[in-house]
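Throughout, read-outs are computed from the coordinates displayed, never taken from laboratory work. Computed from a predicted structure; not experimentally measured. Here the Cβ is made from the backbone with ideal geometry for all residues, glycine too, and neighbour counts use every protein chain on show.
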Amino acid sequence: VNRFDVIVVGGGSAGCALAARLSEDASRSVLLIEAGPVPRALGEYPADLLDAGSVRGADPGHPDNWAFDATLAAGRPYSIARGRILGGSSTINGGYFIRPRKSDFDRWSADGNAEWSFDANLPFLRALESDAQYGSTDTHGGAGPVVVSRPRQDHPVSVAFAAAAERLGFAVETDKNAQAPPGVGAVPMDVAAGIRWNSGLAYIEPILDRENLTVLGDTLVLRVLFEGPRAVGVETAGGDFEAGEVVLCAGSVKSPHLLMLSGVGPRVALERFGVPVVSDLPGVGSGFSDHPQVSVEWRQKVDTVDFDGETTMASALNFSSEGSPVPGDLEILPMLKPMAYLTSGQRVAGPLAFLVSVQNGRSRGAITLSSADPRVQPTIDYRYLSFDLDRRMMREAVRTAESLLVSTPFASLFGGFVSLPVAASDAELDRWIDDNLGTSIHLCGSARFGARGDADAVVDQYGRVFGVSGLRVADTSILPTAPVRGPAVAAILVGERVASFIRSAPLR
Ligand SMILES: Cc1cc2nc3c(=O)[nH]c(=O)nc-3n(C[C@H](O)[C@H](O)[C@H](O)COP(=O)(O)OP(=O)(O)OC[C@H]3O[C@@H](n4cnc5c(N)ncnc54)[C@H](O)[C@@H]3O)c2cc1C
């Protein structure tokens, strides 16, 4: 009974999609193991996590948040939220559901990774969604598991934001899930009637009675079991499970962590903790990217907040930094409710924020083993803003946020900044950025794919781990870089794609 064709480790954005698609084939037995709880119906999810009008799962004290300790830059410790419940981070995230851009696929598919071209992925992007506005078209899907809708644009902040962006000369981007040039427009969200439609609800809840699918909650996978270089199963706190193939979908922190705990990673680092080396792969954990973010808080002249509003945000401005090689490498997201409310649910008046981020920085971080004990988290070092270019981009993004807020369309709403120094010198602004540095929590690329012979690649374009057999990684870890928009769609796409790769290979 403890043997399955495929074991999927982690029921998050990617893992739910993967397990659901794999088990469509009735001849394949699939075990999905999730460290956190597995709600078996909509009503079993904690109500605070279903509510798309707040992000209470992001609170470091929330029981369904892994809350990893990390360092963003020297002297800047930070708690990194990650969902620990069916649906993973899609159960606690902001609900912004924008596809990767064609430029992302062009970068990812370079150097022989043709499976990651835009054209190869468009059918899967359409298949994963039901777009409430567009339905089934050449661009959109009308029958997929994830409900996608665009919030109303009539909130006074959204109205002023669009007008201010246009006044500053930015384009209008009507459909952010199409490929028109970046600009200001509605944010597509995986939200239906105010409910955050996490990947557990989208993919797993409807198929829980499938005979060939077993879903095990509250079970921490401790390591992958090997016979020689062949993965043969997993060890959990509740016993061992055997499989023909193991797929790690534990997310971009825990997947590289599990690889290292299991002997797949940089030899010297593993030997330091007495972990026997199965495959010496220096790229495990290293070279990850994410989006550095600061929150520009502003006081309202008149209170526009509707605590009962169905989403936390409605629109975004995506725009290009000066001389940018990748279009749309900066982003501004106006929040419609006070930051303090968003993570606590406490209805107290407060300033609003523009979340301002650099979407294609050059800085790269590293996740390293800090113990051979699977319950001790790895060290997460972001090294944000370690290039002048990234600093310059962040300054430009913050100054654009300032220009939007002081422009005429905001005149009746904007009552001053909370802490941003107005018309600051570069040095003053850098100090403010350092003191306020945060992250979008979009970590990708900690076990990235690449061609055989690419020294830092951990998996091939099909997610197969180099140097071993029977083991894949399928989550945001394998994306070579964070997409220039959020990674929520990309995460599900990885699950869909790797399922299709496994289904087209013979059963072991
Ligand atoms: C607070 C927050 C807000 C965000 N907002 C947005 C947004 O608005 N838009 C956007 O595009 N992106 C957003 N993101 C990012 C996005 O949600 C993630 O990139 C994406 O969900 C990651 O998917 P994944 O499948 O790689 O990992 P996850 O969804 O994190 O899944 C990993 C799963 O594996 C499980 N797991 C881990 N280790 C083990 C183990 N040892 N044994 C068993 N199970 C294990 C975890 O519990 C989890 O369920 C946000 C993220 C957070 C945390």
Computed about the Cα centre, the charge dipole of the chain from +1 Lys/Arg and -1 Asp/Glu charges at the Cβ has a magnitude in debye, to the nearest 20, of 340
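Nearest 500 deg cm²/dmol is fine: what mean residue ellipticity at 222 nm does the chain get from its DSSP H runs of n ≥ 4 alone, each adding -39,500 (n - 2.57), divided by its residue count?
Working: 11 runs with 112 residues, N = 508.
Taken over the chain, the calculation gives -6500 deg cm²/dmol.
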As a Kirkwood estimate from alpha-carbon pairs, region 364-413 has a hydrodynamic radius in angstrom of 14.3
Taking alpha-carbon centroids only, region 58-113 lies from region 452-467 a number of Å equal to 22
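Could you work out the Rg to Rh ratio of region 1-81, with Rh taken as the Kirkwood radius (inverse of the mean 1/r over all Cα pairs)? Walk me through the numbers on the way to the answer.
Details: Rg = 16.6 Å, Rh = 15.3 Å.
Taking Rh as the inverse mean 1/r over Cα pairs, Rg/Rh reads 1.09.
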So for region 201-309, using the alpha carbon gyration tensor with a ≥ b ≥ c as root eigenvalues (a/c under 1.5 gives rounded; past that, a/b versus b/c decides prolate or oblate), I'd call it oblate
Taking only the alpha-carbon atoms of region 302-390, the convex hull volume per residue, in cubic angstrom, is 169
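So what is the relative contact order for the chain, in percent, with contacts set as C-alpha pairs under 8 Å and at least six apart? Kindly include the intermediate steps, with their values, before the conclusion.
Details: 1288 pairs, mean separation 110.1, N = 508.
Taking the mean separation of contacting Cα pairs over the length of the chain, I get 22 percent.
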Sorting Ser54, Gly43, Leu18 by the position of each Cα along the dipole of region 1-92 (Lys, Arg +1; Asp, Glu -1; all at Cβ), the one nearest the positive end of that ordering is Leu18
Semi-axes in Å, largest first, for the chain (Cα gyration tensor, √(5λ)) are 37, 25, 21
Listed by chain and number, the lysines with an alpha carbon less than 27 angstrom from that of Lys176, same-chain partners under 8 positions apart left out, are Lys102, Lys337
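Ignoring the sites themselves, what is the longest stretch of the chain with no GluC sites (Glu not before Pro) in a DSSP loop and at most 10 other beta-carbon atoms within 10 Å?
Numbers: sites that count: Glu211, Glu322.
Longest stretch, sites excluded: 1-210.
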If unit charges are put on Cβ atoms (+1 for Lys and Arg, -1 for Asp and Glu) and the dipole of the chain is taken about its Cα centre, the option from Val184, Leu86, Leu330 lying farthest towards the positive end turns out to be Leu330
One would report the antiparallel percent of DSSP beta bridges in the chain, rounded to the nearest 5, as 65
From the Cα centre of region 469-485 to that of region 328-400, the distance in Å is 20
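Assuming 0.36 nm per residue, please report the length gained on full extension of the stretch Val268 to Lys102 beyond their Cα-Cα distance. It would help to have the intermediate numbers written out before the result.
Working: separation 166, 0.36 × 166 = 59.76 nm, distance 3.79 nm.
Separation in residues times 0.36 nm, less the Cα-Cα distance, equals 56.0 nm.
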Ranked from fewest to most other Cβ atoms within 10 Å of their own Cβ, Ile195, Ile367 fall in the order Ile195, Ile367
Ranking Ser386, Ala349, Leu404 by how far each Cα lies towards the positive end of the charge dipole of region 325-404 (+1 on Lys and Arg Cβ, -1 on Asp and Glu Cβ), the top one is Ala349
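Assuming R0 = 51 Å, can you tell me the calculated FRET efficiency for the pair Phe387 and Ala26, based on Cβ-Cβ distance, to the nearest 0.05?
Numbers: r = 51 Å, r/R0 = 1.00.
About 0.50, to the nearest 0.05.
Taking region 384-456, which chymotrypsin sites (Phe, Trp or Tyr not before Pro) meet the DSSP loop condition and have no more than 15 other C-beta atoms within 10 Å?
Values: sites: Tyr384, Phe387, Phe410, Phe414, Phe417, Trp432, Phe449; in loops: Tyr384, Phe387.
Here the chymotrypsin sites (Phe, Trp or Tyr not before Pro) that fit, given the DSSP loop and packing criteria, are Phe387.
Let me know the shape class of region 260-411, please: from the alpha-carbon gyration tensor, a ≥ b ≥ c as square roots of the eigenvalues, rounded when a/c is under 1.5, otherwise prolate if a/b is greater than b/c, or oblate.
Working: a/c = 3.69, a/b = 1.86, b/c = 1.99.
It comes out oblate by the Cα gyration axes.
For a footprinting-style exposure proxy, rank Ile7, Ile433 by other Cβ within 10 Å, fewest first. Intermediate values should be presented prior to the final figure.
Numbers: Ile7 28, Ile433 22.
With the sparsest Cβ surroundings first, the list reads Ile433, Ile7.
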Zone reached by a paramagnetic label modelled 7 Å from Lys301 Cα along Cα→Cβ, restricted to region 408-432 with backbone N below 15 Å, covers 408-417
By the C-alpha gyration tensor axes a ≥ b ≥ c (rounded if a/c is under 1.5, else prolate when a/b exceeds b/c, else oblate), the shape of region 1-159 is rounded
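Among the trypsin sites (Lys or Arg not before Pro) in region 430-491, which ones are in a DSSP loop with at most 13 other Cβ atoms within 10 Å of the Cβ? Mind listing them?
Numbers: sites: Arg431, Arg448, Arg452, Arg464, Arg472, Arg485; in loops: Arg448, Arg452, Arg485.
Here the sparse-neighbourhood loop sites are Arg452.
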